[in-house]
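Report on one structure; see the data block that follows.
Where a number appears in this text, it was derived from the coordinates with a stated rule and is not lab data. In this text, all values refer to a predicted model and were calculated from it rather than measured experimentally. Ideal geometry is used to build each Cβ from the backbone, glycine not excepted, and the neighbour counts take in all protein chains shown.
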Amino acid sequence: MVKRGLFVGRFQPVHNGHLKALEFVFSQVDEVIIGIGSAQASHTLKNPFTTSERMEMLIRALDEAEFPKKRYYLIPLPDINFNAIWATYVVSMVPRFDVVFTGNSLVAQLFREKGYEVIVQPMFRKDILSATEVRRRMVSGEPWEDLVPKSVAEFIKEIHGVERIQMLATNLEKNEKELQAPIRIPEF
Ligand SMILES: Nc1ncnc2c1ncn2[C@@H]1O[C@H](COP(=O)(O)OP(=O)(O)OP(=O)(O)O)[C@@H](O)[C@H]1O
Ligand SMILES: NC(=O)c1ccc[n+]([C@@H]2O[C@H](COP(=O)(O)O)[C@@H](O)[C@H]2O)c1
């Protein structure tokens with residue numbers, strides 16, 4: 001029987017750390033189930049991209065890295081905000097798997113408590129290879145392209161992703177300023 005591994009991330013956006021982690025996962029199992037976490041979320045500073053955009057990034061990045069499509073499944077996983085039953089919920093949403101690969105300690109704990117084998121995958125340059133850092137650079141106008149696969153950088157440009165994040169940041173700043181502005185009591 002094929003050995004399947006589960007790997008969950010939000011991929012906001014896909015970066016070279018994810019690719020390194022996935023290379024490791026592909027070296028350990030025959031097939032990889034890639035869960036796209038917080039699938040309901042988009043258009044916020046923490047989760048700027050839609051699930052369909054994140055899927056497209058994964059497909060292009062995995063093509064670029066020459067992982068054959070028949071070796072992976074992409075499955076959107078909306079949050080349920082209910083940690084005690086999250087692992088059971090994931091099991092109900094994806095095909096059978098044998099082992100979980102993660103660097104997220106909560107994900108590791110929730111699956112271990114349900115009796116699953118969990119392998120903590122190695123981290124690669126976490127100081128710069130994190131989606132938080134990619135988004136920070138996009139907002140501040142710093143170069144971010146080297147942190148993501150070439151095909152992902154091209155796709156983000158195609159969909160005007162940087163403009164979207166910068167707009168979200170501007171809107172947030174504007175809303176914060178409005179909230180801080182003194183309330184004017186109209187004169188009667
Ligand atoms: N630099 C990295 N090297 C290896 N694995 C990584 C790296 N960054 C994230 N991962 C793995 O990706 C999964 C989490 O995916 P996620 O999309 O949330 O990444 P993230 O960069 O931590 O995101 P964010 O910064 O937005 O919270 C975890 O299993 C984590 O171990
Ligand atoms: N209770 C829940 O809904 C629950 C619990 C654990 C992880 N998750 C999700 O799994 C994903 C894990 O990815 P991160 O490593 O980016 O946190 C996220 O989308 C996170 O929201 C959800």
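If you go through segment 96-123 and keep only what is farther than 18 Å from Ile75 by Cβ, assigned to a loop (DSSP other than H, G, I, E, B) and within 13 Å of ligand 2 (Cβ to nearest atom), you end up with Gly103, Gln121, Met123. Applying the criterion of being assigned to a helix (DSSP H, G or I) and more than 14 Å from ligand 2 (Cβ to nearest atom) to the residues of segment 1-19, the residue that is nearest to Leu77 (Cα to Cα) is Leu19. Within segment 38-54, can one find any residue that is in contact (Cβ under 8 Å) with a residue 40 or more places away in the chain, on the phi > 0 side of the Ramachandran plot and either surrounded by 14 or more Cβ atoms within 10 Å (Cβ to Cβ) or away from ligand 2 (no atom under 11 Å from the Cβ) (or both)? Yes, segment 38-54 contains a residue that is in contact (Cβ under 8 Å) with a residue 40 or more places away in the chain, on the phi > 0 side of the Ramachandran plot and either surrounded by 14 or more Cβ atoms within 10 Å (Cβ to Cβ) or away from ligand 2 (no atom under 11 Å from the Cβ) (or both). Which residue pairs have Cβ atoms closer than 7 Å, lie 6 or more positions apart in sequence or on different chains, and pair a first residue in segment 118-147 that is farther than 17 Å from His160 by Cβ and touching a residue at least 60 places away in the same chain (Cβ under 8 Å) with a second residue that is assigned to a loop (DSSP other than H, G, I, E, B) and small (Gly, Ala, Ser)? Matching pairs, first to second residue: Gln121/Gly103; Met123/Gly103. What number of residues within segment 104-115 satisfy the criterion of being at negative phi and surrounded by fewer than 17 Cβ atoms within 10 Å (Cβ to Cβ)? Qualifying residue count for the region: 7. Criterion first (surrounded by fewer than 20 Cβ atoms within 10 Å (Cβ to Cβ) and either free of Cβ contacts under 8 Å to residues at least 40 places away in the same chain or not charged (D, E, K, R) (or both)) does Thr88 satisfy it? Considered against the rule, which asks whether it is surrounded by fewer than 20 Cβ atoms within 10 Å (Cβ to Cβ) and either free of Cβ contacts under 8 Å to residues at least 40 places away in the same chain or not charged (D, E, K, R) (or both), Thr88 comes out as yes. For segment 20-53, filtered to residues that are more than 9 Å from ligand 1 (Cβ to nearest atom) and part of a helix (DSSP H, G or I), the residue that is nearest to Asn83 (Cα to Cα) is Thr51.
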